[in-house]
Structure formats: C-alpha cells, structure tokens
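Please read the structure below before turning to the comments.
Every number in this text was worked out from the coordinates using simple rules, so none of it is lab data. Values in this document were obtained by computation on a predicted structure and should not be read as measured data. As a convention, Cβ positions derive from the backbone with ideal geometry for all residues, glycine included, and neighbour counts pool all protein chains shown.
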Amino acid sequence: MDRARGFKFALPLAVVVAVSSLMMLNGQYEEVPMENRVLITIGATVIAFIVSFILFGLKDKSND
C-alpha cells in the first residue's frame, strides 16, 4: 500500500466532498437543522476519505 499516493488523492477529494455537500445541503435542504447538515457532511467526508485512501493507495499490478 502506497500511503503517500493515497493521501495525495484522498485529501483533495475529501475537501471537494465536504464543500459540495455543504453547498448542496445549504441550498436545497434548508429545513434540515444546521447541526444535522454538519454531521451529514462530516460523515460523507470521512467515508469518501477512507474509500479513496484505500483505493488510490493500492499498488498497481505490473505486467512483468
């Protein structure tokens, strides 16, 4: 597992997920309380970070 590669892709992706989810929740779902919107955003960000860290951190198979 290549941790540097995993972090290189996972961090920007997590930021994009956090910003876009907050924008979407604030714009379209105003009836949801703010604390719940923040919790939804945190959950989505953590899940996106973990999944992308694992998938982007895997080493490529070489065809030797």
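Roughly how tilted is helix 3-28, in degrees to the nearest 10 and between 0 and 90, from the longest Cα axis of the chain?
20
Using the alpha-carbon atoms, what tilt in degrees (0 to 90, nearest 10) does helix 34-57 show relative to the longest principal axis of the chain?
That helix lies at roughly 10 degrees to the long axis.
Can you compute the charge dipole magnitude of the chain about its Cα centre, using +1 on each Lys and Arg Cβ and -1 on each Asp and Glu Cβ, nothing else charged? Give it in debye, rounded to the nearest 20.
320
Please work out the Cα convex hull volume for segment 3-52 and give it in Å³ per residue.
It is 53 Å³ per residue.
So which trypsin sites (Lys or Arg not before Pro) in segment 26-64 end up in coil per DSSP with only 14 or fewer other C-beta atoms within 10 Å? Don't skip to the answer; put the middle values down first.
Working: sites: R37, K59, K61; in loops: K59, K61.
Qualifying residues, ordered by number: K59, K61.
May I ask you to derive the relative contact order of the chain, considering only C-alpha pairs under 8 Å and at least 6 residues apart, and to give it as an integer percent?
61
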